[in-house]
Amino acid sequence: MTATPRILGQDPDPAPWTPGSPPSTWLLRITNQPPPPCTRILDPQEQARAAAFAREHLRTRYVASHLALRRLLGAYLGADPAAVELTREPCPGCGGPHGRPAALGAPFHFNLSHAGDLAFIAFADTPVGADVEQMQTAGFAAEVARMLHPEERAELAALTAAELPTAFARCWTRKEAYLKGLGTGLSESPATTYVGTAPAPSPPPGWTLTDIAVDPGYAAAIAVAAPV
């Protein structure tokens, strides 16, 4: 199952979120954007994080993606983007304040990922994880594949060098999306849960996995928890 995201700056901004809406995904092409405007809508924590980047392109990517996130949050909440209060849910592993990101009072969940010149944002009624990654070489994929579930390692080992980068990217983005949706991130070993490397994902129980068609040279996926 593959879906296509809406494009920030190309598609209209969304209407306020209605409970029961299907998951929504958005893509921001940072290189096609003008320089980020005044960061007054970012909160002090976001501004401090942006200022801490030593490299200008990383700062630009962070600011652009967080401005995009706030633009969408404001649209879905019918609120001033600068007024949206961001927080973190408790970590499911240790209870610390570093679990899934959240907006106070929002009737939905969201997740943000960025890689290269893309930012990727997902929204859903239930917990959601999103991941976008740049495609890697066959050598890189073979090296990192050692971290994956045994069945995924076996599937990747059976592929040619030409097939490996795409299959690895599918698997890795699904896995990161799922772990971000859980709220654990990579504190849970990537070897624990099987999500598959084939064109059709293998979602863990209680979740759906969807590959998202993004720009050439990238792969993306979302994981959405089933309603309780």
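The values are calculated or read from the model by the stated rules, or taken from the named source; none is laboratory data. Not measured: the values here are computed from a predicted model. Positions of Cβ are backbone-derived with ideal geometry, glycine not excepted, and every protein chain shown enters the neighbour counts. In case anyone asks, the SASA skips ligands and DNA or RNA and just uses the protein heavy atoms, side chains included. Shrake-Rupley method; radii C 1.70, N 1.55, O 1.52, S 1.80 Å.
Taking into account only those residues within region 206-220 that are of a type outside the set (S, T, Y) and assigned to a strand (DSSP E or B), which is surrounded by the fewest Cβ atoms within 10 Å (Cβ to Cβ)?
Of region 206-220, the ones of a type outside the set (S, T, Y) are 206-207, 209, 211-217, 219-220.
From the residues that got through so far, the ones that are assigned to a strand (DSSP E or B) too are 207, 209, 211-212, 219-220.
On the way: W207: 22, L209: 24, D211: 20, I212: 22, A219: 26, A220: 30.
Per the stated criteria, the residue is D211.
Between A154, A161, the distinction of being in contact with a helix residue (DSSP H, G or I) (Cβ under 6 Å, 6 or more places away or on another chain) and either in contact (Cβ under 8 Å) with a residue 40 or more places away in the chain or open to solvent by 50 Å² or more (accessible area, probe 1.4 Å) (or both) belongs to A161 only. Taking the criterion of being assigned to a loop (DSSP other than H, G, I, E, B) and not acidic (D, E), the residues of region 156-171 that qualify are A158, L159, T160, A161, A162.
Only a single item in (1) in contact with a Phe, Trp or Tyr (Cβ under 8 Å, 6 or more places away or on another chain); (2) open to solvent by 40 Å² or more (accessible area, probe 1.4 Å); (3) modelled with pLDDT of 90 or more; (4) not acidic (D, E) is not met by A54, and it is number (1). All of (1) touching a strand residue (DSSP E or B) at 6+ places or on another chain (Cβ under 8 Å); (2) under 24 Å from D117 (Cβ atoms); (3) among the small types (G, A, S) hold for G206 with one exception: (2). Restricting region 59-92 to residues that are at pLDDT below 90 and open to solvent by 70 Å² or more (accessible area, probe 1.4 Å), the residue that is farthest from H109 (Cα to Cα) is P92.
If I filter region 181-188 for residues that are surrounded by fewer than 17 Cβ atoms within 10 Å (Cβ to Cβ), modelled with pLDDT under 95 and of a type in the set (S, T, N, Q), do I get at least one hit? Among the residues of region 181-188, at least one is surrounded by fewer than 17 Cβ atoms within 10 Å (Cβ to Cβ), modelled with pLDDT under 95 and of a type in the set (S, T, N, Q), which makes the answer yes. Flag: D131 matches the condition of being within 22 Å of W172 (Cα to Cα) and among the charged types (D, E, K, R).
Output the residues belonging to region 164-180 that are farther than 19 Å from V224 by Cβ and open to solvent by 30 Å² or more (accessible area, probe 1.4 Å). Walk me through how you get there before you give the answer.
So in region 164-180, the residues farther than 19 Å from V224 by Cβ come out as 164-169.
Selection gives T166 alone.
Evaluation of A52 against the conditions (1) under 20 Å from the mean Cα position of the chain (by Cα); (2) farther than 20 Å from R174 by Cα; (3) not charged (D, E, K, R) shows that the sole unmet condition is (1).
Scanning region 172-205 for residues that are within 23 Å of T137 (Cβ to Cβ) and assigned to a helix (DSSP H, G or I) gives W172, T173, R174, K175, E176, A177, L186.
Contact map, region 183-197: residues that are closer than 20 Å to P127 by Cα and among the aromatic types (F, W, Y) paired with residues that are open to solvent by less than 60 Å² (accessible area, probe 1.4 Å) and part of a loop (DSSP other than H, G, I, E, B), Cβ distance under 7 Å, separation 6+ or inter-chain. Pairs shown: Y194/H149; Y194/S202.
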